[in-house]
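Reading through the structure tokens given below for one structure.
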Amino acid sequence: MSVAIVKYNAGNIRSVVNALRRLGVEPVLTDDADELRKADKVLFPGQGEARTAMSYLREHHLDEVIKGLTQPVLGICIGQQLLCKHSEEGDTDCLGIFDTDVYRFRPTRHEDKVPAMGWQEVRPTEHSGIFLNGKGSGSGKPKESDYFYFVHSFYVPLCKWTIAEADYILPYSAALHKDNFWSTQFHPEKSGEAGEQLLKNFLAL
């Protein structure tokens, strides 16, 4: 199986490479259109700023490449946000796979910190695909929830493509799914056993 990771000006991509290697997969980190199109699976991870990231994708024509992919694609963190229609971060038009906008967290209490960092409970609403049979814990038994690691200042609201929910200041989309596109706001590569199982589920799609 060939796995490609989209190379663009976003941080934290190397941790995804290392997570896949721990699963016995040697991914290709690339911004080459042909490499991305011929891969069996494509991951679109990263941390960064939406406007800068989208500018790079457009300059390198990767925006159209990503939108045209037909194999399973997994967006992670800013990858999920860039798969949406528009982000408040830099007033940025994004890829529009998911016809929903991305908003900045607005604290309502003194203890509300932005960015949101740390472990949060994630409640899958679709026990299939990347949450296949609810195997977040690796137990093989359906789970109502599991814990994953987040670092983010912006969020996707609950919408028709939400397949998992989390709460920080307000309920929001922890994961999305439409056609061959899946995404997570959290970092599976930093989420221990639960994150490893999710990546295994994606690779098995």
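The values are calculated or read from the model by the stated rules, or taken from the named source; none is laboratory data. Keep in mind that what you see is a predicted model, and the values were worked out from it rather than measured. Cβ placement follows ideal geometry from the backbone for every residue including glycine, while neighbour counts extend to all protein chains displayed. We work out accessible area using only protein heavy atoms, side chains counted, and drop any ligands, DNA or RNA first. Shrake-Rupley method; radii C 1.70, N 1.55, O 1.52, S 1.80 Å.
General observations
- Under 5 Å, built H, 5+ apart or other chain: amide partners of ILE76: PHE44, GLY46, THR184
- Remark: C-alpha extents of segment 16-79 on the principal axes read 33, 24, 16 Å, sorted largest to smallest.
- Here the simple spin-label model places points 7 Å from the Cα toward Cβ, and for GLU26 and GLU144 these points are separated by 4.5 nm.
- For Rg and Dmax of the Cα atoms in Å, the value calculated from this model appears in [x] 15.6, 49; [y] 17.3, 55; [z] 19.6, 64 under label [x].
- Peptides 106-119, 176-189 ranked from most to least packed give 176-189, 106-119, packing being the mean of other C-beta atoms within 10 angstrom over each peptide's residues.
- Length added when fully stretched, GLN71-ASP112, from 0.36 nm per residue minus Cα-Cα: 10.9 nm
- Accessible area per residue, Å², the chain with all protein chains present, probe 1.4 Å: 44
- DSSP bridge orientation in segment 36-178 - percent antiparallel, rounded to nearest 5: 75
- Vicinal HN-Hα couplings computed from phi for segment 186-198 (Karplus, 6.51 cos²θ - 1.76 cosθ + 1.60; Hz; Gly/Pro x): 7, 9, x, 5, 10, 10, x, 5, 5, x, 4, 5, 4
- Top positive-direction residue, dipole computed over segment 1-139 with Cβ charges, set ILE130, LEU95, ALA53: ILE130
- Relative contact order of the chain, defined on C-alpha pairs under 8 angstrom at six or more residues apart (%): 19
- Carbon and sulfur %, accessible surface of the chain computed with the full protein complex present, 1.4 Å: 47
- HN-Hα J in Hz across segment 163-169 - Karplus 6.51, -1.76, 1.60, θ = phi - 60°, x for Gly and Pro: 10, 7, 10, 9, 10, 8, 6
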